[in-house]
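A.B. asks: Shown below is the structure under consideration.
Coordinate-derived values only; no laboratory data. Since we're looking at a predicted model, the values are computed, not measured. Cβ placement follows ideal geometry from the backbone for every residue including glycine, while neighbour counts extend to all protein chains displayed.
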Amino acid sequence: MVSKEINFRQAKLLATCGLASQFPAPDPAKPEIVLAGKSNVGKSTLINALTGKKKLAYTSQTPGKTRLINFFEVDNFLRLVDVPGYGFAQAASAELAKYSRLTDQYITSDRPLLHILLLLDSRHEPGVNDWQMMDWLQTIGHPWSIVLTKTDKLSRQKTLCQQRNIKSSIDNQFSFDEGDLLVHTVAAEKGTGIKELRQFLAGLAGGRAKKTD
Ligand SMILES: Nc1nc2c(ncn2[C@@H]2O[C@H](COP(=O)(O)OP(=O)(O)OP(=O)(O)O)[C@@H](O)[C@H]2O)c(=O)[nH]1
Ligand SMILES: [Mg+2]
C-alpha cells in the first residue's frame with residue numbers, strides 16, 4: 001500500500017480552547033501530536049516552521065503568551081496541539097493552576113493521542129519543571145520524544161554534544177534502553193531539522209511528508 005503523502009503546508013487553525021468543553025471532537029482518523037514544554041521554549045515557532053506559515057501559531061517574546069490550547073489540522077490527516085507553556089513566573093498562581101489543569105484535562109482525556117513532543121532549550125539542562133513533565137509522561141504512558149530547540153544559538157559541535165548529554169541524562173533517569181529515546185534538534189527560525197521532524201511525525205501517522213522547499 002502506498003502511504004499517504006502529507007503536505008504540512010496545508011494547515012489551518014481548527015480551534016482555540018480555554019475550556020475542555022471547547023476541545024474539538026476527537027477524530028480517530030486524525031491522530032494528535034502534542035507540543036509541550038516550558039514557556040518561551042519555542043512551541044508556537046516550531047508549529048509555524050512545520051507548517052511553513054509564519055503566523056499560524058502565535059509567537060512572542062513575552063513568556064506565557066499561549067495560554068489556550070490551540071488545535072491545528074494538517075492536510076486533513078493529523079493534528080498538532082499547542083498546549084500552554086509551564087513555568088512562567090508572571091502569571092498569578094490561580095491562573096497557572098487553571099492552565100495546567102487544562103493541559104492535564106487534555107492529555108488525560110480520551111483522545112487519539114499519537115505522540116508528545118517535549119521541547120527543551122538546547123542551551124540548558126532540563127529544569128525541575130521539565131523533569132516533572134517527563135515523570136508525568138512516563139506515568140501516563142504515552143509515547144514521547146524530545147525536541148531540542150534554538151540550536152542556531154549553538155555551534156554544530158556544541159549542539160551534538162548537548163544532544164548526547166541530554167539524551168544520556170534522560171536515559172539514566174528513566175532507565176531507557178539506548179536508542180529508545182529520540183532527541184530531535186531544530187532551529188525553527190532557520191528551518192534546520194524541520195524536514196526531518198516532519199518526516200518523523202508523518203511516519204508516526206502512517207504517512208510520509210510531502211517534499212516541499
Ligand atoms: N534563535 C531562535 N529563537 C527562537 C527559536 N524558536 C523560537 N525562538 C524565539 O523564542 C521566543 C519564544 O518562542 P515561542 O514560539 O513564542 O515560544 P512558546 O514555547 O510558544 O512560548 P509560550 O507560548 O509562552 O509557551 C520568541 O521570541 C521566538 O522568536 C529558534 O529556533 N531560534
Ligand atoms: Mg506559544
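A.B. asks: Relative to a virtual label point 7 Å from the Cα of Lys210 in the Cα→beta-carbon direction, which members of segment 67-81 show backbone nitrogen distances below 20 Å?
C.D. replies: Hits in segment 67-81 for Lys210 at 20 Å: 72-81.
A.B. asks: May I pose another question? What number, rounded to the nearest 500 deg cm²/dmol, is the helix-based mean residue ellipticity at 222 nm of the chain, given -39500 (n - 2.57) per DSSP H run of at least four residues and division by all its residues?
C.D. replies: So the calculated ellipticity at 222 nm is -10000 deg cm²/dmol.
A.B. asks: Could you check the simple spin-label distance between Trp131 and Leu13, using points 7 Å along Cα→Cβ, in nm with one decimal?
C.D. replies: Each label point is offset 7 Å from its Cα along the Cβ direction, giving 3.7 nm.
A.B. asks: How high is the relative contact order of segment 4-209? Use alpha-carbon pairs under 8 Å, at least six apart in sequence, and give a whole percent.
C.D. replies: Relative contact order, segment 4-209: 24 percent.
A.B. asks: For segment 4-209, what does the alpha-carbon gyration tensor say about shape, rounded, prolate or oblate, given a ≥ b ≥ c as the root eigenvalues, a/c under 1.5 as rounded, and a/b over b/c as prolate?
C.D. replies: Note, shape of segment 4-209 comes out rounded.
A.B. asks: Right, next: What is the distance, in nm, between label points placed 7 Å from the Cα along the Cα-to-Cβ direction at His124 and at Arg101?
C.D. replies: Each label point is offset 7 Å from its Cα along the Cβ direction, giving 2.7 nm.
A.B. asks: Using amide H atoms built in the peptide plane, which far-off residues or other-chain residues are under 5 Å from Arg208 H to H?
C.D. replies: Lys4, Glu5, Ile6
A.B. asks: Hey, can you grab everything whose amide H is under 5 Å from the amide H of Leu14? Only 5+ residues off in sequence or another chain; H modelled, so Pro and N-termini drop out.
C.D. replies: Phe71, Phe72, Glu73
A.B. asks: While we're on this one: Kindly rank 130-139, 191-200 from highest to lowest mean number of other beta carbons found within 10 Å of each residue.
C.D. replies: Put in order of decreasing packing, that is 191-200, 130-139.
A.B. asks: Under a 10 Å cutoff between Cα atoms, tell me which one of Thr185, Thr16, Thr149 has the largest fluctuation in the Gaussian network model of the chain.
C.D. replies: Comparing Thr185, Thr16, Thr149 in the GNM, the peak value goes to Thr16.
A.B. asks: Let me ask you something else. By average Cβ neighbour count within 10 Å, what is the ranking of 113-121, 48-56, 17-25 from highest down?
C.D. replies: Those peptides, ordered most packed to least, come out 113-121, 48-56, 17-25.
A.B. asks: For Arg9, what residues show an amide H to amide H distance below 5 Å, using hydrogens built from the backbone and excluding near sequence neighbours?
C.D. replies: none
A.B. asks: Let me ask something else. Of the candidates Arg164, Arg79, Arg123, which one comes out as most mobile in a Gaussian network treatment of the chain with C-alpha springs shorter than 10 Å?
C.D. replies: Taking springs between Cα atoms under 10 Å, the residue moving most is Arg164.
A.B. asks: Taking the DSSP beta bridges in the chain as the whole, what percent of them are antiparallel, to the nearest 5?
C.D. replies: DSSP beta bridges in the chain are roughly 35 percent antiparallel.
A.B. asks: What is segment 141-213's relative contact order, in percent, from Cα pairs under 8 angstrom and six or more apart in sequence?
C.D. replies: Rounded, it is 33 percent for segment 141-213.
A.B. asks: Moving on to the next point. Please give, to one decimal in nm, the separation of the simple spin-label points placed at Asp27 and Lys195, each 7 Å out from Cα toward the Cβ.
C.D. replies: 2.9 nm
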